[in-house]
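The values are calculated or read from the model by the stated rules, or taken from the named source; none is laboratory data. These numbers were taken from a predicted model, which means no experiment stands behind them. In this analysis, Cβ positions are derived from the backbone assuming ideal geometry, glycine residues included, and neighbour counts consider all displayed protein chains.
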Amino acid sequence: MNEITPDAEMTDGAREDRPGAMLRRAREERGMSIGEVAEMTRIAQRQLEAVERDDFRALPGTPYAVGFARAYARAVGADEVAVAKGVRQQLGMLGAADRYEAFEPVDPARIPPRRLAWVAAIVMLVLAVAYGVWRTQFFTASTDEEISDISNRTGQAPAPAVNPTANNAAVPASGPVVLTAMAEVWLRIYDQAGERLFERQMAKGESYTVPPEANNPMILTGRPDAIAVTVGGKPVAPLGPPERTISDVPISAAALLARPSGEGPGDRAGVPAATAPVRPGASAAIIPATRPSSAGFSQPAQAAVATPMPQAATEAASD
């Protein structure tokens, strides 16, 4: 049985008023090819051709159909508001609903199987744990070596080193929010008012820094697992699960750090000074402990270590 398409039910005059025809006319009036529009918008040519044909079923879902059409309209100088309205009307006539596909909107290649994603997650977890253990041992060893060296010069027993991670879990990380594409992925960044801050298909390895002055920046993407996020150079948890389109997800530094799993490996900073109890009749001598500097290396801090008072002062105190 032959399928009756929506195009077959419309007259030629009605088709000319559809968003795809409007975009095609605007492109031809400017003397542009579909390939030039694809290069300007960073959207695959086959997706733009589907928009011109009003073949929105070939697109991943409503957000992508509207977003691609608006980007096309801006590139050719058409009314993007009218085009977006027409796209939504066409999707309503087709009975289209938002669909969440397991492939990114500009690349038909399927993403790795779920099992492979789990393996990759486990490997990253093991690496994170190994890094945390190495970092703890590095700072502890540095603290012990420096205190021992000073103790040899002063003749005093070294003060016990404090575990660098014992009291620093509450120290928040801060800094710029950077999004790095782990694979080719399309995304849009916008603020609370809906103003678009960034929209394009990012190549693998390409990075984008979220403007710190942006008002509650949010993200829309079909591949949250393909985007690595860091706050102040420190990784945070993925923005969403694989195979799921996300939208209106806050990506400000405060919002990312407030997430329960937002703390990445090695986010703790600062090492408290090593201290030892001061015995009666002893004065405090200052010795360096260690604390991490902004570059991640050890710098001297200060801690109190008991040293004996002169004998005469001790006898006077006892009298």
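Hey, does segment 180-188 have a residue that's outside any loop (DSSP other than H, G, I, E, B), under 18 Å from Leu256 (Cβ atoms), in contact with a Pro (Cβ under 7 Å, 6 or more places away or on another chain) and touching a residue at least 60 places away in the same chain (Cβ under 8 Å)? Taking every residue of segment 180-188 in turn, none turns out to be outside any loop (DSSP other than H, G, I, E, B), under 18 Å from Leu256 (Cβ atoms), in contact with a Pro (Cβ under 7 Å, 6 or more places away or on another chain) and touching a residue at least 60 places away in the same chain (Cβ under 8 Å).
Scanning segment 53-98 for residues that are modelled with pLDDT under 85, part of a helix (DSSP H, G or I) and within 21 Å of Glu39 (Cα to Cα) turns up Phe56, Ala58. Taking the condition of a type in the set (A, V, I, L, M, F, W, C), within 20 Å of Lys234 (Cβ to Cβ), at pLDDT 50 or above and touching a helix residue (DSSP H, G or I) at 6+ places or on another chain (Cβ under 7 Å), does Ala181 pass? Spelling it out, Ala181 is indeed of a type in the set (A, V, I, L, M, F, W, C), within 20 Å of Lys234 (Cβ to Cβ), at pLDDT 50 or above and touching a helix residue (DSSP H, G or I) at 6+ places or on another chain (Cβ under 7 Å). Here segment 32-52 is the region considered, the condition is being in contact (Cβ under 8 Å) with a residue 24 or more places away in the chain and outside any helix (DSSP H, G or I), and the residue that is surrounded by the fewest Cβ atoms within 10 Å (Cβ to Cβ) is Arg42. Out of Arg70, Arg57, one residue alone is free of Cβ contacts under 8 Å to residues at least 24 places away in the same chain, out of contact with any His (no Cβ under 7 Å at 6 or more places or on another chain) and not polar (S, T, N, Q). It is Arg70. Report yes if some residue within segment 230-237 is under 27 Å from Thr41 (Cβ atoms) and outside the structural domain of Ile43 (by TED's automatic domain parsing); otherwise report no. No, segment 230-237 contains no residue that is under 27 Å from Thr41 (Cβ atoms) and outside the structural domain of Ile43 (by TED's automatic domain parsing).
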